[in-house]
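Below is one structure, written out as structure tokens; the observations come after it.
Since every read-out is calculated from the coordinates, none of them should be taken as a lab result. All of these numbers come straight from a predicted model, not from anything done at the bench. Here the Cβ is made from the backbone with ideal geometry for all residues, glycine too, and neighbour counts use every protein chain on show.
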Amino acid sequence: MPDIINLLPENIANQIAAGEVIQRPASAVKELLENAVDADATEIKLFVNDAGKALIKVVDNGKGMSETDARMCFERHATSKIKLIDDLFHIRTMGFRGEALASIAGVAQVELKTKKSGESVGTLIEIDNSIVRKQEQAAAPDGTSISMKNVFFNVPARRNFLKSNAAEMRHIVDEFTRVALSFPQIFFSMSSNGQDVFHLESGSLKTRVVQLMGNHYASKLVNVKEETDYLNIYGFVGKPETAKKTRGDQYFFVNNRFIKSPYLNHAITNAFKDMIPRENFPMYVLFIDLDPEHLDINVHPTKQEIKFEDEKIIYAFVKAAVKHALAQFSITPTLDFELDAKIQQSSAISQPFTEKDRIAVGNTRIYQAFTQKNQAHFIERSNLNYPDTGNAASAAAPDSREPFTPELSNQQERMEAPSRKPVGEKWFQFQKRFIVSENVNGLLVINQQHAHERVLYERYSKALKQQPLPTQKSLFPATFELSAADTALLIELLDELKLLGYIIEPFGKHTFIIQGTPSDFSLGNDVSMIEELLEEYKHYNQQPDFSKREKLLRSFACRHSIKQGYQMSEKEIKNLIDELFGCSVTNFTPDGKPVFVELKYTYLDEMFGK
Ligand code: ADP
Ligand code: MG
């Protein structure tokens, strides 16, 4: 019997292997763009014809290749990015497998033109079906240009699997968007059949996000930024009102690599919990940077997955960072967000200098200059004389009019928080549910239960940290019995409960005795209160990333808060408002429910046609 095993010819091996890396035109786009990024280009241009089926061309001004490298780069496993297996855990480049160009050359007609800066002449190579057709010196600008024509021309079965141009184009735009988002400092452009699709000047991440996802995000982005020794997170989340019914604008990058992670997506969604309707998806563009040692990116060339050394840390961190950002920037739902498009576009809403701004700068000298109905943007610089004295005036001078553009809206919101506090002593309870009051911006409608939850949460949090709540000794200590599981749970909580004013002692196997209750809390049935607290606590137990303390705080705030239907006295209303606006966060309950809405006077005027 003759031997039957052959080595496959290189071009067939490449075609088979290409299936892993190049599944559709968009995969080639991704690989070529990433190569240009890895080559330190500052300008990267993408051209496609026929949704990439006829042509994909990427031109960069990066470091280029020598003549030998230009020939080498098409070999399988040819890479300049790693040498030793250990390097795999220190990767800072996008590529490292050395397979992309070999795969591309195996399934298309490729032309490469490249020149290193400082060299007088470049190299031209033509290769198709993995066979070099031409290699010669050629005049070329610094950098690299690669075009691939007729992808899968030699693998008809795969060519037939390509989708419609519209569908393939969507994939290409997706890949382009991901790369362009991760590198806002690089200029990117894209054109399709000769038509400009994107032209993205280098700039800030925020600008890049708005360029790619639309202007409507300009004033709707919340800055996320936290730094630790282990990892940094930065980027933006959309304000709650930008959440959509479809999972669209969600981007997560780890060391600039786009990844899909349902787990981390869950962390972000969780941070938005109760701020957006359940079936909506928040917008986010978030970057995590950490030492590559804590990562394994070698999962699969196209799966967009990576493995973290400790995924739980990342989860908790992402969630906390997003929550913190949302709280810090006081994302209060105001009625503006519910307006229909017509009103949104009206001048009172869209003009940059609003009532809010007027208050913010009301005390500054510059304010005097804004005469004409606050229309700052109509005032020419030459019409204004700014004595260059005082920081306030120069900060608001017209050539630096940022305070009135959406760019700085986050800061405005931060400034605004204290100004939300009601003024005067005008308030009344409404429907035993709401307290209506007034602040400098307009009317304030406060949800009494939510407000009280916030107040209690902060009060109890202080009690656990520094200042235990006073206890009132029970005259007739009640006893109660629990199941084995609840017994264990309660025993675990006894110390903290003491700080919160409950003195409970074990009294037999599954029995407890209540020796004291919080003295500021005078509700009859202590036993059922304890049982309810345990129930609530168990509910929060389903949140694995809450600490024991957090679960207890939330259960207490929730259980002890005054409810809808409770008639409040004048004094109680006053105390509630005073305490609420002394809290570190005023506008959301710990669970993220809004505490109040603001009905702005500017909005009311608008409604009445002013
Ligand atoms: P990888 O990116 O995984 O190293 P590729 O097949 O994509 O593998 O590229 C092979 C090599 O070719 C790269 O390691 C790099 O040295 C070189 N190369 C590819 N594209 C470019 C480019 N646009 N500019 C400069 N060098 C490039
Ligand atoms: Mg590559």
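Remark: the stretch 90-210 carries a charge dipole of roughly 300 debye about the Cα centre, counting +1 on each Lys and Arg Cβ and -1 on each Asp and Glu Cβ. Rounded is the label for the stretch 60-210, because the ratio a/c of its alpha-carbon gyration tensor axes (a ≥ b ≥ c) stays below 1.5.
Charges only on Cβ, +1 for Lys and Arg, -1 for Asp and Glu: so what's the dipole of the stretch 1-153 about the Cα centre, in debye to the nearest 20? The dipole magnitude comes to about 280 debye. Each of the peptides 247-258, 38-49 was scored by the mean count of other Cβ atoms within 10 Å over its residues; in descending order, highest first, they stand as 38-49, 247-258. Within straight-line reach of K225, meaning a Cα separation under 15 Å, sit the following aspartates and glutamates at least 8 residues removed in sequence or on another chain: D289. With the cut-off at 27 Å, tell me which of the pairs K426/K600; K548/K574; K426/K563; K239/K426 have Cα atoms farther apart than that. Check vs 27 Å cut-off fails for K548/K574; K239/K426. For the stretch 497-592, the relative contact order comes to 15 percent (Cα pairs under 8 Å, sequence separation of at least 6).
Between E492 and H90, full extension at 0.36 nm per residue minus the direct alpha carbon distance yields a gain of 140.4 nm. Pairs from the table (K432/K465; K206/K465; K498/K538) lying more than 29 angstrom apart at Cα are K432/K465; K206/K465.
Going by a ≥ b ≥ c, the root eigenvalues of the Cα gyration tensor, does the stretch 468-597 fall in the rounded group (a/c under 1.5), the prolate group (a/b larger than b/c) or the oblate group? It is oblate, given that a/c is not under 1.5 and a/b is not larger than b/c. Shown for D495, D60, D274, D486: other C-beta atoms within 10 Å of each C-beta, ranked fewest to most, produce the order D495, D274, D486, D60.
Per residue, the average separation of C-alpha pairs within less than 8 Å and at least 6 apart gives the stretch 17-95 a relative contact order of 28 percent. Between rounded, prolate and oblate, where does the stretch 455-519 land on the alpha carbon gyration tensor, with a ≥ b ≥ c its root eigenvalues, rounded for a/c under 1.5, else prolate if a/b exceeds b/c? Because a/c hits 1.5 or more and a/b fails to exceed b/c, the stretch 455-519 counts as oblate.
Cross-link check: pairs K163/K260; K244/K273; K63/K113; K63/K149 evaluated at a Cα-Cα cut-off of 18 Å; pairs beyond the cut-off: K163/K260; K63/K149.
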